[in-house]
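Q: One structure follows; several queries about it will come next.
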Amino acid sequence: QVQLVESGGGLVQAVGSLRLSCAASGRTFSTAAMGWFRQAPGKEREFVAAITWDGTITPYADSVKGRFTISRDNAKNTVYLQMNSLKPEDTAVYYCATGTVTYPTSIATTYHYWGQGTQVTVSS
């Protein structure tokens, strides 16, 4: 089993920044991709960003491209999501995910392990 714990969420004003962290423990997969997804009230979970184990491939959703940056520190089994120029529409619960997938796919069902989520609220 793999445990994922997100942190760093909170309340921020528009155009502000937040940095989310996701710490993995347990039977982590050294070559696994990791992803960030989010779910706003009344909406389906959507892809935000993902990253290969070596950080060389990092796809982003169009809605966050140029504002968010995903990175990882394999020595710490941690993935980060730096969020800049935040907008009210970024308000959501943010989840990190991983599994046996090595390619950083945007499809949620390809990830087997999920964290409990961290709330991000952006006020206008």
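Q: Could you list, in sequence order, the residues of the stretch 22-38 that are touching a strand residue (DSSP E or B) at 6+ places or on another chain (Cβ under 9 Å) and in contact (Cβ under 8 Å) with a residue 60 or more places away in the chain?
A: CYS22, ALA24, THR28, PHE29, ALA32, ALA33, MET34, GLY35, TRP36, PHE37, ARG38
Q: Okay, next question. Return the residues of the stretch 58-95 that are small (Gly, Ala, Ser) and buried (at least 16 other Cβ atoms within 10 Å of the Cβ); say none if nothing qualifies.
A: ALA61, ALA92 - these are the residues of the stretch 58-95 that are small (Gly, Ala, Ser) and buried (at least 16 other Cβ atoms within 10 Å of the Cβ).
Q: Quick check: is even one residue across the stretch 16-25 under 17 Å from THR109 (Cα atoms) and within 12 Å of the chain's Cα centre (by Cα)? Full working, then the answer.
A: First, the residues of the stretch 16-25 that are under 17 Å from THR109 (Cα atoms): none.
The answer is no, given that none of the residues of the stretch 16-25 is under 17 Å from THR109 (Cα atoms) and within 12 Å of the chain's Cα centre (by Cα).
Q: Next question. It is to be established whether one or more residues within the stretch 35-45 are more than 18 Å from GLY117 (Cβ to Cβ) and out of contact with any helix residue (DSSP H, G or I) (no Cβ under 6 Å at 6 or more places or on another chain).
A: no
Q: Here is a follow-up. Is it the case that some residue within the stretch 109-118 is in contact with a Cys (Cβ under 6 Å, 6 or more places away or on another chain), over 24 Å from GLY16 (Cα atoms) and either touching a residue at least 40 places away in the same chain (Cβ under 8 Å) or surrounded by fewer than 21 Cβ atoms within 10 Å (Cβ to Cβ) (or both)?
A: Checking the stretch 109-118: at least one residue is in contact with a Cys (Cβ under 6 Å, 6 or more places away or on another chain), over 24 Å from GLY16 (Cα atoms) and either touching a residue at least 40 places away in the same chain (Cβ under 8 Å) or surrounded by fewer than 21 Cβ atoms within 10 Å (Cβ to Cβ) (or both).
Q: Residue by residue through the stretch 48-91, note down the ones that are farther than 19 Å from THR110 by Cα, touching a residue at least 40 places away in the same chain (Cβ under 8 Å) and assigned to a strand (DSSP E or B).
A: Once the filter is applied, which keeps residues that are farther than 19 Å from THR110 by Cα, touching a residue at least 40 places away in the same chain (Cβ under 8 Å) and assigned to a strand (DSSP E or B), the stretch 48-91 yields THR78, TYR80, LEU81, GLN82, MET83.
Each reported figure results from applying straightforward, stated rules to the coordinates on display, with no laboratory input. Quick caveat, the model's predicted, so the values are computed rather than measured. Positions of Cβ are generated from backbone atoms using ideal geometry, with glycine treated the same way; all protein chains shown enter the neighbour counts.
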